[in-house]
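What follows is a single structure, written as structure tokens, with notes after it.
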Amino acid sequence: MRSLSRSLAPAAALALCAGLTACGSSGKGGDDKPRAVGPARTAPASPSASPSLSAAPTLPAGPGGAMPVFSHGARDGRKRVALTFDADMTSDQGPRAARGERFDNPGLIATLRTLKVPATVFMTGRWAEQYPDEARSIGADPLFEVANHSYSHHAFTTPCYGLPTVPRGTARADVERAFAAFRTAGVEHVVPYFRFPGGCHDDATLREMGPAKVTAVQWDVISGDAFAKQAQPVAAQVLSQVKPGSVVVMHCTRSAAPTTEDAVKKIVPELRARGYEFVRVSDLVGAGPS
């Protein structure tokens with residue numbers, strides 16, 4: 001889905017633009033292209049640096065200690081794919097949630113459990129605050145791992161699809177605020193991975209985020225589930241793009257991605273029939289080169 005319908009409310013468009021290649025090309029904004037970093041393995045993140053994070057492999061820091069960026073696993077022929085789901089909610093959407101708009105998608109999570117599909121959920125801190133029971137349930141399930149999608153769901157560089165922008169110098173604080181929201185909600189199995197809203201980042205942001213000692217996770221497969229009205233085109237788009245080691249970006253936000261659950265029901269059996277195994281992002285990062 002290359003453009004958003006003019007009939008959508010601007011606030012709804014902004015709600016899902018973070019992390020959506022449906023709003024443009026992957027990672028466009030700061031860096032035009034997401035960096036395809038091979039899954040070289042390092043030791044798990046230091047417990048002393050991030051005491052609340054589960055042990056999980058990370059990539060080595062970039063030049064000058066910059067945050068490393070991971071886009072897909074090794075292209076080594078092993079048919080492994082990671083489905084990732086952005087649980088998006090911006091810092092100012094509380095009133096909409098209070099009026100009944102649903103930014104969660106319990107049916108999707110139930111389907112992943114029924115199909116026994118491991119997945120990585122990139123969660124905003126605001127989402128964890130709005131749905132603490134669901135956040136706890138996801139984090140406690142061994143099928144899943146929870147990663148950071150920022151607290152405020154604002155852009156970390158500009159331009160980024162019209163999203164409000166986190167002020168320079170506060171990017172790391174925004175990420176740490178999300179981790180704190182996870183701790184408050186009692187979320188377990190939080191891994192040291194971060195997804196930029198909209199995928200938008202630049203070199204200055206990566207340098208600023210370096211001390212957080214987390215790995216940025218992009219994607220190489222765009223699902224197009226945001227604001228999609230039918231599941232079949234979403235499924236077809238994913239199935240046409242998946243390669244060994246792929247990271248698929250989808251959404252766990254019912255009001256703005258209502259067809260995702262049905263799309264997953266089509267994607268999973270077909271990829272399994274093709275011989276694919278579903279894994280979490282940490283499995284791809286930790287696999288190392290073959």
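The values are calculated or read from the model by the stated rules, or taken from the named source; none is laboratory data. A quick note: this is a predicted structure, and the numbers were derived from the prediction, not measured. Positions of Cβ are backbone-derived with ideal geometry, glycine not excepted, and every protein chain shown enters the neighbour counts.
For this structure, a couple of remarks:
- Considering (1) over 23 Å from Ala135 (Cβ atoms); (2) part of a helix (DSSP H, G or I), the lone condition that Ala181 does not fulfil carries the number (1).
- Qualifying residues in region 40-88 (those that are at pLDDT below 95 and hydroxyl-bearing (Ser, Thr, Tyr)) - the one farthest from the chain's Cα centre (by Cα): Ser48
- Residue within region 163-170 that is surrounded by 22 or more Cβ atoms within 10 Å (Cβ to Cβ), β-branched (Val, Ile, Thr) and more than 24 Å from Gly65 (Cα to Cα) present: no
- Within region 85-95, the set of residues being out of contact with any Phe, Trp or Tyr (no Cβ under 6 Å at 6 or more places or on another chain) and in contact (Cβ under 8 Å) with a residue 40 or more places away in the chain comprises Phe85, Asp88, Thr90, Ser91, Gln93.
- Ala226 surrounded by 23 or more Cβ atoms within 10 Å (Cβ to Cβ), in contact with a Leu (Cβ under 6 Å, 6 or more places away or on another chain) and among the aliphatic types (A, V, I, L, M): yes
- Which listed residue, of Gly224, Gly210, Gly275, is at positive phi, in contact with a helix residue (DSSP H, G or I) (Cβ under 6 Å, 6 or more places away or on another chain) and modelled with pLDDT of 95 or more: Gly224
- Restricting the first member to region 226-254 and to residues that are more than 24 Å from Gly286 (Cβ to Cβ) and free of Cβ contacts under 8 Å to residues at least 60 places away in the same chain, and the second to residues that are of a type in the set (Val, Ile, Thr) and not in a loop (DSSP other than H, G, I, E, B), the beta-carbon pairs closer than 6 Å and six or more apart or on different chains are Ala235/Ile267.
Residues are listed down the side, and each one gets a yes or a no for (1) closer than 22 Å to Pro192 by Cβ; (2) of a type in the set (A, V, I, L, M):
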residue	(1), (2)
Gly65	yes, no
His72	yes, no
Arg75	no, no
Arg78	no, no
Thr84	yes, no
Glu101	no, no
Ala110	no, yes
Thr114	no, no
Asn148	yes, no
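- Within region 151-199, no residue satisfies the criterion of being touching a Pro at 6+ places or on another chain (Cβ under 6 Å) and among the charged types (D, E, K, R).
- Extreme residue, surrounded by the fewest Cβ atoms within 10 Å (Cβ to Cβ), among residues of region 130-159 that are hydroxyl-bearing (Ser, Thr, Tyr) and in contact with a Ser or Thr (Cβ under 8 Å, 6 or more places away or on another chain): Thr158
- A single entry from Arg113, Arg75, Arg126, Arg80 fulfils the requirement of being in contact (Cβ under 8 Å) with a residue 24 or more places away in the chain, basic (Lys, Arg) and under 23 Å from Thr165 (Cα atoms): Arg126.
- Residue tally, condition modelled with pLDDT of 95 or more, more than 19 Å from Ala147 (Cβ to Cβ) and within 17 Å of the chain's Cα centre (by Cα), over region 243-257: 1
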